[in-house]
1. Can you find a residue in region A:213-222 that is farther than 30 Å from B:Pro9 by Cα and either more than 20 Å from the chain's Cα centre (by Cα) or small (Gly, Ala, Ser) (or both)?
2. Of the numbered conditions (1) farther than 19 Å from C:Tyr121 by Cα; (2) under 18 Å from the mean Cα position of the chain (by Cα); (3) not basic (Lys, Arg), C:Asn24 satisfies every one except a single condition; which is it?
3. Please find, among C:Ala2, C:Ala12, the residue that is of a type in the set (A, V, I, L, M) and at pLDDT below 95.
4. I'm trying to understand the selection: among the residues of region D:45-61, which are more than 14 Å from chain C (Cβ to nearest Cβ), of a type outside the set (A, V, I, L, M, F, W, C) and open to solvent by 20 Å² or more (accessible area, probe 1.4 Å)?
5. Output the qualifying pairs, or none if there are none: Cβ atoms under 6 angstrom, residues six or more apart or on different chains, first residue in region B:20-45 and without any contact (Cβ under 8 Å) to a residue 40 or more places away in the chain, second residue small (Gly, Ala, Ser).
6. Considering only residues of region D:160-174 that are in contact with a helix residue (DSSP H, G or I) (Cβ under 9 Å, 6 or more places away or on another chain) and within 12 Å of chain C (Cβ to nearest Cβ), which is most open to solvent (accessible area, probe 1.4 Å)?
7. Take the residues of region D:70-95 that are open to solvent by less than 70 Å² (accessible area, probe 1.4 Å) and assigned to a helix (DSSP H, G or I): which is farthest from D:Thr197 (Cα to Cα)?
8. For residues that are polar (S, T, N, Q) and within 14 Å of chain A (Cβ to nearest Cβ), tally how many sit in region B:175-194.
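The values are calculated or read from the model by the stated rules, or taken from the named source; none is laboratory data. No experiment lies behind these values; they were computed from the predicted model shown. Here the Cβ is made from the backbone with ideal geometry for all residues, glycine too, and neighbour counts use every protein chain on show. For the accessible areas, the whole protein counts, side chains as well, though only heavy atoms, and no ligand, DNA or RNA atoms are used. Shrake-Rupley method; radii C 1.70, N 1.55, O 1.52, S 1.80 Å.
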Number of protein chains: 4
Amino acid sequence: MALTGVLRPGHAALRVLDLEESVNFYGNVLGLIETGRDKQGRVYFKAWDERDHNSIVLHQADRAGIDYFGFKVANKSTLEKLDSDLRAYGVKTERIPAGEMLETGERVRFEIPSGHLIELYAEKKDFGNGMPYVNPEAWAVALADKGIAPTRFDHCLLYGPDIEKVQKLFEEVLGFYLTEHVVLEDGQTDLAIFMATSNKAHDIAFVRHPEPGKLHHVSFLLESWERVLRAADLMSMNRVSIDIGPTRHGITRGTTIYAFDPSGNRFETFNGGYQTYPDCKPLKWTIDEVGPAIFYHDRKLNERFLSVVT
Amino acid sequence: MALTGVLRPGHAALRVLDLEESVNFYGNVLGLIETGRDKQGRVYFKAWDERDHNSIVLHQADRAGIDYFGFKVANKSTLEKLDSDLRAYGVKTERIPAGEMLETGERVRFEIPSGHLIELYAEKKDFGNGMPYVNPEAWAVALADKGIAPTRFDHCLLYGPDIEKVQKLFEEVLGFYLTEHVVLEDGQTDLAIFMATSNKAHDIAFVRHPEPGKLHHVSFLLESWERVLRAADLMSMNRVSIDIGPTRHGITRGTTIYAFDPSGNRFETFNGGYQTYPDCKPLKWTIDEVGPAIFYHDRKLNERFLSVVT
Amino acid sequence: MALTGVLRPGHAALRVLDLEESVNFYGNVLGLIETGRDKQGRVYFKAWDERDHNSIVLHQADRAGIDYFGFKVANKSTLEKLDSDLRAYGVKTERIPAGEMLETGERVRFEIPSGHLIELYAEKKDFGNGMPYVNPEAWAVALADKGIAPTRFDHCLLYGPDIEKVQKLFEEVLGFYLTEHVVLEDGQTDLAIFMATSNKAHDIAFVRHPEPGKLHHVSFLLESWERVLRAADLMSMNRVSIDIGPTRHGITRGTTIYAFDPSGNRFETFNGGYQTYPDCKPLKWTIDEVGPAIFYHDRKLNERFLSVVT
Amino acid sequence: MALTGVLRPGHAALRVLDLEESVNFYGNVLGLIETGRDKQGRVYFKAWDERDHNSIVLHQADRAGIDYFGFKVANKSTLEKLDSDLRAYGVKTERIPAGEMLETGERVRFEIPSGHLIELYAEKKDFGNGMPYVNPEAWAVALADKGIAPTRFDHCLLYGPDIEKVQKLFEEVLGFYLTEHVVLEDGQTDLAIFMATSNKAHDIAFVRHPEPGKLHHVSFLLESWERVLRAADLMSMNRVSIDIGPTRHGITRGTTIYAFDPSGNRFETFNGGYQTYPDCKPLKWTIDEVGPAIFYHDRKLNERFLSVVT
């Protein structure tokens, strides 16, 4: 099979400071679809064009941030094999029973060197995207313009130490490949790495940062640059705190807005990127060009990029 | 590895009636980049944002059409394995030496039940996309507006008999998965099948047709719906024969123009689609809805769709 | 005053075969805003970004078509002057009292040589565009995505005889100027004329046609080519009969869809055009190029363009 | 005539510090068309889709800024009448002979209370937009992608004192009308005024500023939001200093980039706006909302907006 192993980013569990305020934000402003609430008080959302039951899970806590980031894998035997491969690599894995998250099968959870919890799972209920799987229309009218209405949860950018160890783990065990990276002055150590498990420009990314387990942003896909403008307009109307954008990243070429949810978690609504494959030599950015790498139009970082994380 | 086996459509070899007229068309009107000519008189092109040396190869012949459609595979051991798997499946394979096509490694060629020649290869020279792989700009100014300037060769739609056998072969041996299909009145036999080896909406497609080995279209990717308009404008200015478009396909949701090269080979310049994965249940279209499946706005086929092929 | 006299297309009164079906179409599919119903059973609509109370008025009749097309003029003294100028020109005018149309002042009505009834008025109630006139947001969220949601009623294309006399009247009395025209084989007689009273590419247009008083289309403005795609998608979802599009006109360069309301009245949803002024020499199209003049991509008329009118 | 009197912004004469550097910038980066050089050493440009010979004139000087901003009027008798009206209003006018600017007729020049020199003229040679006036194509391929390639010079935003006196002059003598304004805390005094002589959202604008005769920006029209992105990309590639953008203005709703030419003159490349007319009540912005009025996404001014002028 050509698309095997780890398929895609599946779910991100975010900590929010005020659950109902956040439910209103993710549901009405961002325009995700609420699909369930569990006994633990977690609220589940999916982007409208995703089929799986949930991709964003919110739970209330004292500090913002990300609890774990899960990837869907091809099937149960792949899940078993990856669990086994991880343990063989020296990574301690934990099994979370099916149903612990709503409509989600058993999960294999492990901590990576950057301090983040990553999960793998094979099953999540097919909730649908609002359209039949027989003779569907081109988009779901009732859903596609509710709030910002991104089509998919796309990736996370995570901050933490030891990202070179993370890269090795993701490449050797999980089958990811490097698409782009930013290299520090020594010419060897990466400040940032972007990796894919598909032909998307990235499925996960890391920036080297002293504190472990930090979230830079959760990212949502929009269908066009015009939808990016619409997103910025809706953020303005809803007084959402915009970090930067609309603008473009040099890395991935994506057109983007970075903004903050009510808890201070940064999220991104973006369009673009390019198709890439494991046979493509990774694009490299030198530290003197990290400005355009991140903010292509301004060609310089803002002070928040390297410091504001949750 | 998550993206393994067959990676992507790699090259299509087209028969054209007048080589220089075609070279002018593919180079100046479509805006592909000419990368070489070989001793056999074949002319090689790539879309500007592709890295590999060539994706479209033209050679002059008495009748238009497609000679073969090649896919890039992950590496040489994959090539060996797939060759072996094909022969185990009962498919006769032929080895074409490295260099027979310019800058291309050894190819495994085989005929599929629809009468088409398919190839697999592991190596094609990295020619580049006009930009460095270190600190690149967002796009190549010199290339991105020359003619229609699609970014990539995306797929082919091929016409021939026995497509259910083709599907079985592509699924069981080559690792493709079905993304969408059109089912005839009997509820079982497919008129059309769309298959992917990546998370693109399709990498190859077939329509059931009595004559074997026919080409419906060669397809090129544009970056936006606005670039589709620009393509239509340029086709008009250059008196290119437009079959239909700008319009949308229900299947894949892609926005598209079908038009004809000077030899009558149909080509497509499109944008859009959606990200899909092997765990997504294929979308089905019933024959009474084949109109919107193919031409979503008109909601009916034109007479050329089922009959004009090369 | 630089923008004086006749300002803009103000209202079009359409005959529909089934009022409630048409109210549903214009309100929910096209996405106009219903603003009133009068004792005569007429239903009033405006496009969401227009301020004036109404621009489209529907009333049920046995045959489809247009009853009259009204233009807003700068003020009441302008209305008086134009009435006087028309009569001096030999045109019989009729006064329709204020309030005969809801929220509309006194109208001066007259028949033009092509058989159409044209009106001029100075007052229509400021209903608003859904946003305050102090510190408004960029667009009205509740209105801008309801159905196709054009922003404005833009112009009409009318069919009838003696259009050269119409042109003379519009130029000499009403202050319009010719922006583009299609000339017949004799090099002198126009098949089509496009005239403006603003710096829009046209505010009214005529095609020479034996039957007087016919409507080719009522036209609505969309904000972008992407909104044209969205309009086509919504037409498809709502099984609206599309005449042609998305495509481009050579004349005005506008990107467009022509489609039919439930009564068979053709309407257009378009974007684009260019800014023009009275000092710009009109663009001329010769009859052999009427194909691209009307349908720029196909470069030929369809059989409906010259024959299907209401 | 409905579009009479003052028609449109016609030319802006800019002072640049290094002529050849600026010629390269305006010609190759911005993508204006150089149309002439005169004996005084001035270099003339037009945007590709303008017909008149020139709209931007550069001359080298010790300090950057704008020398004068000229408007085209309907015809010579209008020019005479406006000259006479200005003098009757108490404004001293000067006549500049035909040919003093290349291909331009006689100009009436006068100083307005904000310290700026405004000109009116009736004649400028029809240079063309690269396409014939008979059976033209939709756009000029050779011109439309050269650099940023705006289609038109659209307006200037000028800074100086006494803007209420300027408004009175433009309204009462020149026939402009107010479309939007920003009001200071006293509820009466305007910080900024936007006026039109057409149905564009504005043809000229002023911000109250202690220093007379200052230029905030010269503005150029782009055809879409996607062209705004392309402009930002090209500015980045050419290391143009971007002030802000891509973003949106609340005032006029235009989507925009502000950036600086090599001399520090700010220019704007924008798309959008809305159609307005003299019968539309002006939109008002209160000083507490000047943030979104100017920078709709950030909802706050940057420090440069009120201070950096030339």
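1. Yes, region A:213-222 has at least one match.
2. Among (1) farther than 19 Å from C:Tyr121 by Cα; (2) under 18 Å from the mean Cα position of the chain (by Cα); (3) not basic (Lys, Arg), the lone unmet condition for C:Asn24 is (2).
3. Answer to the check: C:Ala2.
4. D:His59, D:Gln60
5. Short answer, once both residue conditions are applied: B:Glu34/B:Gly27.
6. Filtering first and then ranking leaves D:Glu172.
7. Per the criteria, the residue is D:Ser84.
8. Final tally of qualifying residues: 1.
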